[in-house]
1. How large is the accessible surface per residue of region 8-135, computed with a 1.4 Å probe and reported in Å² as a whole number?
2. List the residues, sorted by chain then number, that are 5 or more residues from V72 or on another chain and whose placed amide H is less than 5 Å from its amide H.
3. Grab the other residues whose beta carbon is less than 10 angstrom from that of F95, score K and R as +1, D and E as -1, and report the net.
4. Count the net charge of all other residues whose Cβ sits under 15 Å from the Cβ of A128, scoring Lys and Arg as +1 and Asp and Glu as -1.
5. Could you give the distance between the Cα centres of region 15-33 and region 67-119, to the whole Å?
6. Grab the Cα-Cα distance for H138 and S83, subtract it from 0.36 nm times how many residues apart they are, and report the gain in nm with one decimal.
7. Report in % the part of the accessible area of region 8-109 that belongs to carbon and sulfur, leaving out ligands and nucleic acids; probe 1.4 Å.
8. For every other residue with a beta carbon closer than 13 angstrom to the beta carbon of I35, add +1 if it is Lys or Arg and -1 if Asp or Glu, then tell me the sum.
Amino acid sequence: MADGNKPATKKKCPLLDIAIGGYLLNLEQIAQLCIHGYGIPEHGVRHAGPLDCADYHWHHREAVDPPLLIPVHYTDLDTGKSSQGWILLCRVIFFVRGTPRPKLPCTDPATRAYIDAWFPPKVRELNAFKGIRYIQTHWPRRQVVEGVVLTMIRVHRDPAFRCKYEKARQAWIDYHKQRDPNYVAVRIRVYPLIDPAHMSLHLASPVSSRVAR
């Protein structure tokens with residue numbers, strides 16, 4: 001009992017929003033990334049679709065923080081029309097709702113290394129990617145939190161999962177270093193700005209029921 005009379009009250013945890021940074025791509029650009037960046041045959045990309053091909057490629061690399069494609073609607077600067085696009089996730093930050101959204105530039109070495117790993121420079125130089133924009137925005141409010149973002153939440157709040165995650169990551173790295181001594185695995189930059197123990201319970205966006213890893 002607090003003060004000998006009143007029951008102790010739990011401190012209310014703030015509601016969290018997610019800010020993201022990444023490249024805005026259209027469907028054809030995603031197809032080109034799969035073909036020229038990930039070596040997926042073009043006929044396979046055209047048959048299965050670029051979204052499924054990218055997801056399949058990343059799913060088999062879950063141990064090393066692959067990105068996500070986050071669907072968004074945006075206004076085309078040339079035509080003024082509303083278009084469907086996907087943000088190729090490059091950076092994530094958790095912050096308290098009601099506070100200014102933090103900036104997520106893509107110029108620091110760790111972020112550049114992550115981008116180069118999943119969106120190689122040789123691909124970004126293709127004509128299909130001329131004029132691509134790096135976007136900083138909120139996680140779409142109704143978009144389910146999943147993939148690497150959900151994994152990072154669990155890594156920060158669950159010691160047992162973090163141990164499992166690090167072991168799986170190291171096993172992946174060891175395997176690939178046997179095949180290529182120069183292999184380097186990069187991490188996505190994630191910045192939780194408040195107590196991470198409350199992330200999954202107090203996110204403003206819905207969380208996927210899929211158990212990562």
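The values are calculated or read from the model by the stated rules, or taken from the named source; none is laboratory data. This structure is a prediction, so every number in the text was calculated from the model and none was measured. Here the Cβ positions follow ideal geometry from the backbone for every residue, glycine too, while neighbour counts run over all protein chains shown. SASA here: full protein model, heavy atoms, side chains in, ligands and nucleic acids out. Shrake-Rupley method; radii C 1.70, N 1.55, O 1.52, S 1.80 Å.
1. Values: 6710 Å² over 128 residues.
Here the per-residue accessible area is 52 Å².
2. Hits under the 5 Å cutoff: G85, W86, I87.
3. On the way: positive: R97, R101; negative: D17.
Overall, the nearby charge balance is +1.
4. Numbers: positive: R46, K122, R124, K130, R133; negative: E28, E42, E125.
My count for the surroundings of A128 gives +2.
5. Here the two parts' Cα centres lie 5 Å apart.
6. Details: separation 55, 0.36 × 55 = 19.80 nm, distance 1.79 nm.
Length gained, H138 through S83: 18.0 nm.
7. Details: 3030 of 5360 Å².
Roughly 56 percent of what the probe reaches on region 8-109 is carbon or sulfur.
8. Details: positive: R46, K122; negative: E28, E42.
Net charge around I35: 0.
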